[in-house]
1. Those residues that are under 8 Å from I142 (Cβ atoms) and in contact with a helix residue (DSSP H, G or I) (Cβ under 6 Å, 6 or more places away or on another chain), I need them from region 116-129; list them, please.
2. P204 fails exactly one of the following numbered conditions: (1) in a strand (DSSP E or B); (2) open to solvent by 30 Å² or more (accessible area, probe 1.4 Å); (3) farther than 27 Å from L20 by Cβ. What is the number of that condition?
3. Test of understanding: among D210, D171, which residue is free of Cβ contacts under 8 Å to residues at least 24 places away in the same chain, out of contact with any Cys (no Cβ under 8 Å at 6 or more places or on another chain) and under 25 Å from V57 (Cα atoms)?
4. Go through region 1-30 residue by residue and tally those that are closer than 17 Å to G188 by Cα, touching a residue at least 60 places away in the same chain (Cβ under 8 Å) and not small (G, A, S).
5. Does region 71-92 hold any residues that are touching a helix residue (DSSP H, G or I) at 6+ places or on another chain (Cβ under 8 Å) and more than 29 Å from T40 (Cβ to Cβ), and which are they?
6. List pairs: first in region 144-164 and farther than 16 Å from V187 by Cα and touching a residue at least 24 places away in the same chain (Cβ under 8 Å), second assigned to a loop (DSSP other than H, G, I, E, B) and polar (S, T, N, Q), Cβ under 6 Å, 6+ apart or cross-chain?
7. For region 99-135, which positions are among the acidic types (D, E) and within 19 Å of W201 (Cα to Cα)?
8. Can you tell me which residues in region 182-197 are of a type in the set (D, E, K, R), in contact (Cβ under 8 Å) with a residue 24 or more places away in the chain and open to solvent by 50 Å² or more (accessible area, probe 1.4 Å)?
Amino acid sequence: MKSNESLQKEVQDAIKWEPLLEAAEIGVTVKDGIVTLTGTVDSYIKKTEAEDAAKRVAGVKAIVENIVVKYGDFGVKNDNDIAKEVLNAFKWNWQVPNDKITIKVEKGWVNLDGKVNWNYQKDAAKTAIKNLLGVNGVINNIKVSSDVKDAVEKGAIERAIARNWSINDQDIQVKVSGNRVTLTGTVGSIFQKDEATRIAWNAPGVWFVDNNLEIEYDYMLVD
């Protein structure tokens, strides 16, 4: 069992353990497994790294991310320059079908739209933007619409989950309806919940994944 105080300390340590975030001033508060991150960082990738570090801590049920990106003079760029760099980043990333994605940049926020065949392509588009200076955030509205016409195999997803060491002993049920996969049951961490989603998206023909998994963890209710 973990108290709010001990979970807070573990999240703080996880953030500080990342070399990119060692000197970052990120505030962490915890209430019954809900972690709130605050503070200011000088790049978008630091913001995402802090969130990812918190997700990997056992006992974290949800994250409220209120970190602000504020660039110094060196990192400030106008929206037109950011758009050009995003297009260039897509061009050199073989995982991103840039001819299927449209970009809009407003006040440093990059909006992505379009349709791709696989979810990894949608994720790759967002990942390609992480290191770009001037970016304040990414809104990923890309849709997945697979060319695969075969029915999604429920058994194949269940076997893939069973093969994964991090979630194979969790209580996960898989339901398939057309191109939609629904996951229900319980897992012990956000990492495990995200991993189950990733596995489901890897199945050919999947257009939608509804992750209704609940995170269960025992807490000592101590403020």
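1. V116
2. Condition (1) is where P204 drops out.
3. Working: D210 fails: free of Cβ contacts under 8 Å to residues at least 24 places away in the same chain.
When all the criteria are applied, what remains is D171.
4. 4
5. Scanning region 71-92 gives a single hit, K91.
6. Pairs found: S146/N117; D147/N117.
7. Going residue by residue through region 99-135, those that are among the acidic types (D, E) are 99, 106, 113, 123.
Correct list: D113, D123.
8. Applying the first criterion (of a type in the set (D, E, K, R)) to region 182-197 yields 193-195.
The next check asks that each one be in contact (Cβ under 8 Å) with a residue 24 or more places away in the chain; those that pass are 194-195.
Matches in region 182-197: D194 only.
The values are calculated or read from the model by the stated rules, or taken from the named source; none is laboratory data. Please read all numbers here as calculations on a predicted model, not as lab measurements. No Cβ is skipped: glycine too gets one built from the backbone with ideal geometry, and neighbour counts run over all protein chains shown. Calculation scope for accessible area: heavy atoms of the full protein, side chains included, ligands and nucleic acids excluded. Shrake-Rupley method; radii C 1.70, N 1.55, O 1.52, S 1.80 Å.
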